[in-house]
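The values are calculated or read from the model by the stated rules, or taken from the named source; none is laboratory data. From a predicted model like this one, the values you see are computed outputs, not experimental measurements. All Cβ positions, even for glycine, are placed from backbone atoms using ideal geometry, and neighbour counts span all protein chains on display. Accessible surface is based on the protein model in full, side chains and every heavy atom, while ligands, DNA and RNA are left aside. Shrake-Rupley method; radii C 1.70, N 1.55, O 1.52, S 1.80 Å.
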Amino acid sequence: MSSILAKIGLTASATSFGFSQCRSSIASHQSLVRFFHSSQFWYGDNAANNAKNRERYANDPEYRNRMLQKQREWTRERRAKDTDFVANRRQSNLRWIAKKRPAHIQNYINDPEYRKSQKHNRRNSEAVVQRADLKRKANINNSYQKNALLHWILKATWQCRLFWETHEPLISEEPDGTPGICSSCNGVSTQRLWWRRKKVDEKSAEKMGDESSKQVLDCHNCFCDMDWEKALPLGYRGHVFGSGKRLREPD
Ligand SMILES: [Zn+2]
């Protein structure tokens, strides 16, 4: 019997049998047999149970909500008890993202299917869309102006005659945009409009090599955040979108 216990990772000690015997009227050998069978069941079918639970989680909304509610309660309790819980969790998430990031970038740039799945996930999040809408309407972080500039550049047929001091616009020929990596926020995304830097500082050029330094891109958001005045083309600085003043084509 002791070898069987060793197999399931338990040690048969006199005190543990004694404890079982004291707590119930079942004879010690019956208790042990019952315990062994229940342990064997649990260990042997653990993987099968997990798979079953995963399937149920995916297909049974009531079960899923119950599990999510339990998780939320657990998190709430941990937060209240452990002051470092939030910071530790954030650190752990950041480590996980950093570990996965190189593969994510490679897949995103080179695999259209992977890109599609990422886009689908983001579009599905209604909360993200609603938050962006509210931000735009309230012009939080200049988002209304940035969005208006983006659409104006994409719509203007004469945009190729405009001139920016620090960057030049690259408009994607693909209707859904072109994937790229922003040098400022380091984010990888698909954009209809990328901004190519006209000048690259020496340090970056050295790091990237001659060819790569010709294609230092910024996403529209980062480009606008660098200097909003310079985000507007020369001759159009100071313009406020939505003020009723129409932007006229250059002579
Ligand atoms: Zn960016």
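Brief remarks follow.
- Of all residues in the stretch 102-120, those satisfying the criterion of being among the polar types (S, T, N, Q) and open to solvent by 80 Å² or more (accessible area, probe 1.4 Å) are 106, 110.
- Taken over the stretch 151-176, residues that are touching a strand residue (DSSP E or B) at 6+ places or on another chain (Cβ under 6 Å) and loosely packed, with under 14 Cβ neighbours inside 10 Å amount to 1.
- Qualifying residue in the stretch 204-223 (condition: open to solvent by 50 Å² or more (accessible area, probe 1.4 Å), assigned to a helix (DSSP H, G or I), within 16 Å of the ligand (Cβ to nearest atom) and touching a residue at least 40 places away in the same chain (Cβ under 8 Å)): yes
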